[in-house]
Structures are given as C-alpha cells and as structure tokens.
Amino acid sequence: MHRSAVLPVLAAAIALVATGCSASVTGSPAATTDPPRSASDAPTSGMSAAIDPCALLTGSDVQQFGLQANGRDTAAGGRACSWYKNLQYTVGIEVFDQVGLGQLSTLERTITDHPVGSHDGRLVLSAGGGGCGVFLQITRTSMVDVDTAGGPSDTRSCQLAEQYAMLVEPRLPAEQK
C-alpha cells in the first residue's frame, strides 16, 4: 500500500478511537464484597428477576453463623450463591426464575408442605443423605430454594434449612398467588 493511501485510513482509525474513548461516566466507583457476576447470572424475567441470591443472607447473618462464602453458581438451572461452615455443612440459596413449586421433582425426594412466613413452601428431603431444602414460592412459576447439605443427619440438615429459610423469607418479595 502506498503512503498516500495509508494516511487517510490511519486518520480515520485515530478519529474512531478518539471518539470511542471520549464518553464520560458520572458517579463514583464503589467497592463491593459480592462475588463477581457473569452474563449467565443475569435474571431472566418476572418478580424473581430482582432477587440476588447472594444478598439474601446479610454480612451479619454470615458472621453470626460463622459461614464462609463459596460464591455464585448457575449449575442447577437457577441463580445461586453458597456458603459453608468449616467441616460441618454448606448452605445454598438458589433463585429459579421459571420453575415453581408445582414443578418440583419427586424423584428420590420426600416433599411435604411447609409454608414459611407469608410464603407457600415445600420441605424437600433428598434420599441417601443428599441434604434438605426449603423451597419458597414467589409466583406460580418462580421460587427460591434454601438448602443445606453435609449435616450430621437428615433431621439436622432440615433444621438448618428451615433456620436459614426463616432468615431469607422476610427479604423476599410478597408471594403472588
């Protein structure tokens, strides 16, 4: 390419870069202690979309129960956050934006009605010591699961799941029936 042909292209490229870098953002940077989010963490729609599973246990809750953050996850089809108590148990909170209580699988699970506060709920005990969860309805097609695993017994896992569900429930939007 001749030098005379390169100059206009180079000038256009510089103008394009300069224009792209001239936008300003107002506000102040703020530090956060939340685990980083990825594009797959983005809520899909509906009332549950505004629920951040990592914010449902406060820093004070985490400190009071001696929990350590495990971070965010989307492996089970919802948006989740988990914590662990060294050598004792794990706690997970998962928001399902498009699955309601009526769609819970009964395969290798014992499910009983278990309302918490103003929310309809189900207590779900997994077979073979797989843990226990309290599922709270947000709408007919969305719910929040508060589960524990690794407790010394199924009974203790369910007690822990209920304890954490009682902390989380008042922080949820009102159930839409």
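The residues of segment 118-130 that are free of Cβ contacts under 8 Å to residues at least 40 places away in the same chain and within 14 Å of Glu162 (Cβ to Cβ), listed by number, are Arg122, Leu123, Val124, Leu125. Screening Gln68 against (1) exposed (fewer than 12 other Cβ atoms within 10 Å of the Cβ); (2) touching a Ser or Thr at 6+ places or on another chain (Cβ under 7 Å) leaves a single unmet condition, (2).
Condition check: among the hydroxyl-bearing types (Ser, Thr, Tyr) and free of Cβ contacts under 8 Å to residues at least 24 places away in the same chain. Does Ser48 satisfy that?
Values: among the hydroxyl-bearing types (Ser, Thr, Tyr): yes; free of Cβ contacts under 8 Å to residues at least 24 places away in the same chain: no.
No.
Just to be sure before I move on: is Met143 under 21 Å from Gln63 (Cα atoms) and either touching a Gly at 6+ places or on another chain (Cβ under 9 Å) or part of a strand (DSSP E or B) (or both) in the structure I sent?
So Met143 fails the test.
The residue of segment 72-89 that is surrounded by the fewest Cβ atoms within 10 Å (Cβ to Cβ), among those that are in contact (Cβ under 8 Å) with a residue 24 or more places away in the chain and closer than 23 Å to Ile138 by Cβ, is Thr74. Inspect segment 12-35 for any residue being outside any helix (DSSP H, G or I), touching a helix residue (DSSP H, G or I) at 6+ places or on another chain (Cβ under 9 Å) and either charged (D, E, K, R) or modelled with pLDDT of 90 or more (or both) and give the result as yes or no. Yes, some residue in segment 12-35 is outside any helix (DSSP H, G or I), touching a helix residue (DSSP H, G or I) at 6+ places or on another chain (Cβ under 9 Å) and either charged (D, E, K, R) or modelled with pLDDT of 90 or more (or both). Check whether at least one residue in segment 94-117 is over 18 Å from the mean Cα position of the chain (by Cα), over 15 Å from Leu167 (Cβ atoms), touching a residue at least 60 places away in the same chain (Cβ under 8 Å) and part of a loop (DSSP other than H, G, I, E, B), and report yes or no. For segment 94-117, residues over 18 Å from the mean Cα position of the chain (by Cα), over 15 Å from Leu167 (Cβ atoms), touching a residue at least 60 places away in the same chain (Cβ under 8 Å) and part of a loop (DSSP other than H, G, I, E, B): absent. When segment 79-107 is filtered for residues that are in contact with a Ser or Thr (Cβ under 9 Å, 6 or more places away or on another chain) and either farther than 17 Å from Leu57 by Cβ or small (Gly, Ala, Ser) (or both), the ones remaining, listed by number, are Ala80, Ser82, Gly92, Phe96, Asp97, Gln98, Val99, Gly100, Gly102, Gln103. Within segment 138-157, the set of residues being under 18 Å from Thr110 (Cα atoms) and surrounded by fewer than 22 Cβ atoms within 10 Å (Cβ to Cβ) comprises Ala149, Gly150, Gly151, Ser153, Asp154, Thr155, Arg156. Which of the residues spanning segment 85-124 are farther than 21 Å from Thr74 by Cα, at pLDDT below 95 and either among the acidic types (Asp, Glu) or touching a helix residue (DSSP H, G or I) at 6+ places or on another chain (Cβ under 8 Å) (or both)? Listed by number, the residues that qualify are Glu108, Arg109, Thr110. Only one of the numbered conditions (1) in a helix (DSSP H, G or I); (2) out of contact with any Pro (no Cβ under 8 Å at 6 or more places or on another chain); (3) at pLDDT 95 or above is not met by Leu57, and that is (1).
From the list Ala49, Ala80, Ala75, the one residue that fits, being among the small types (Gly, Ala, Ser), modelled with pLDDT under 95 and touching a Pro at 6+ places or on another chain (Cβ under 7 Å), is Ala49.
The values are calculated or read from the model by the stated rules, or taken from the named source; none is laboratory data. Values in this document were obtained by computation on a predicted structure and should not be read as measured data. FYI the Cβ positions are ideal-geometry reconstructions off the backbone, even for glycines, and counts take in every protein chain you see.
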